[in-house]
Each structure stands twice: as C-alpha cells, then as structure tokens.
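In what follows, a structure is listed as structure tokens, so that the remarks can point back to it.
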Amino acid sequence: AQSVSQHNHHVILSEAASLELGCNYSYGGTVNLFWYVQYPGQHLQLLLKYFSGDPLVKGIKGFEAEFIKSKFSFNLRKPSVQWSDTAEYFCAVTSSGTYKYIFGTGTRLKVLA
Amino acid sequence: KAGVTQTPRYLIKTRGQQVTLSCSPISGHRSVSWYQQTPGQGLQFLFEYFSETQRNKGNFPGRFSGRQFSNSRSEMNVSTLELGDSALYLCASSLSGATYEQYFGPGTRLTVT
C-alpha cells in the first residue's frame, strides 16, 4: 500500500541547531515529493518540491531536501533553525495520473529561543 | 489573487446529523482535493475533483461524498455524523492535479457531539 512515514513526531531544538526531518515513502512508479509546513494559526503552505532533476532541492526560508531514490527517502534539512521555524511539517508524495496526495503524519518542531 | 476559501470555518453538529462544507478554489484552478486532518493521523485524503469529475477517492465510508460545480467550487457532505468525524477538513486547489503544488484553505473545524 502507498504510504509515507515521518519517523520524528516531535522535535525540540535550540536556535541555531541543525535540523533534519526524516521522510520515507512506499510508492510505486515515478513520484513527486513535497514538504509542506503549517505555522501556528496559518494555512498549510509549500516549503519545497521535487519532480525530477537535481535530487537536492532548495526551498523557502533556507530549507532543503534530498531525494534518495534507493532509500525511498526525502529528508528535510536546515543548517540553522530559528524560533520562527516552530511549526508542523508534512511530507507528501504523489504520482502523475493518480490525482492523489499521500501525506505523512507530520512532525511538530519546536525551536527554543 | 484571492486564496482558497472554506465555509463555514467552525461547525458544531450532533451525532446522526449531516453536514455540508464548501470550498472555493483559487481562480483558474480546476482541481480540488479534500482532506481530513486529525491529531496523530496527519492529512487523510478524501477525494479529488477536476472539471466536475471525481478522479480519485480515499478510504472513507460512503457517508462522505463530494461534488464539484462548473465554476470549480466544491462541496463535501458527511451524512449520519459520528463522533469520530470530528476533525479539521481541508480543501486544496491546484491547476490541474497532483503534479502541481496544492494551495490549502484554512479548513473547517467540525465538532460532532
């Protein structure tokens, strides 16, 4: 069955610490991968996306993610987090022609000032 | 341009009742997807519509239904409400489907008592 796993449900970091959030998927065929973020009280918004090409994708606010096909992973990274990065992060996968996104259960990140 | 709008924002219903939620996509977007968001479960895909046609649906009982109108506005209906239907229902629109970035609305918070 198609699925997305986010292993870290809650992460607490101090400002300036480095961040890596794991995302693994089980999905046949060619995939499109996304990270969405939900800041407190705000809508879900796109952080970055991978369709093809360079497996290292850069997104907004200094975030990046690396697609490793052999590991079925799409981990999110940021070298130095800020208090304003406190939010819930969702990994999602889809495939052309399915018209269906599969989301992970989310990771709540809290950054301590 | 205006974002995705959802009405109502909050709703309290009693078990056994039915409810209709509405979603207006971004102008020009023809694909609308619906999700149920609950703590610990992430976003669960309900269904996707494009040009008034349902192209995919998730694993929800038949009590959950939807439709899309010619102006791309969409509604979802839940009949015979159960306590477990309490959730945040999110609508997302995109240009033409899963290959594209989805833009999310603020959601409708449904509480079933």
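Just so it is clear, none of the values below were taken in a lab; they were calculated from the coordinates. The shown structure was predicted, so the numbers you read here are calculated from the model rather than taken from an experiment. Cβ sites come from the backbone with ideal geometry, for glycine too, and all protein chains shown count toward neighbours.
Between the beta carbons of B:GLU101 and A:SER18, assuming R0 = 45 Å, the FRET efficiency works out to 0.95 to the nearest 0.05.
Calculated FRET efficiency, A:GLN82 to B:ASN71, Cβ-Cβ distance, R0 = 45 Å: about 0.65 to the nearest 0.05. In straight-distance terms, cross-link reach from A:LYS61 covers every one of the aspartates and glutamates whose alpha-carbon lies under 14 Å from its own, apart from those fewer than eight places away in the same chain; here that gives A:ASP85.
Summarising the strand pairing of the stretch B:1-112, around 90 percent of its internal DSSP beta bridges are antiparallel. Legend: distances between Cα atoms for A:LYS71/B:LYS57; A:LYS49/A:LYS71; A:LYS69/A:LYS110; A:LYS58/B:LYS57; pairs beyond 22 Å are A:LYS71/B:LYS57; A:LYS69/A:LYS110; A:LYS58/B:LYS57. When its C-alpha radius of gyration is set against 2.2 N^0.38 Å (N residues), the stretch A:1-83 gives a value of 1.11.
Taking label positions 7 Å along the Cα-Cβ direction at both B:SER27 and B:ASN59, the computed distance is 4.1 nm, reported to one decimal.
In the protein assembly as shown, the ratio of gyration radius to Kirkwood radius, Rg to Rh, stands at 0.97 when only Cα atoms are counted. Put the Cα centre of the stretch B:50-113 next to the Cα centre of the stretch A:44-76 and the gap is 27 Å.
Electrostatic tally near A:LEU112: other residues with Cβ closer than 12 Å to its Cβ, Lys and Arg +1, Asp and Glu -1, net -1.
Modelled spin labels at B:LYS13 and B:GLU52, positioned 7 Å past Cα toward Cβ, are 2.5 nm from each other. Charged neighbours of B:SER33, selected by a Cβ distance under 13 Å, balance to +2 (K, R count +1; D, E count -1). The rule of thumb for compact globular proteins, 2.2 N^0.38 Å, goes into the C-alpha radius of gyration of the stretch B:2-113 0.99 times.
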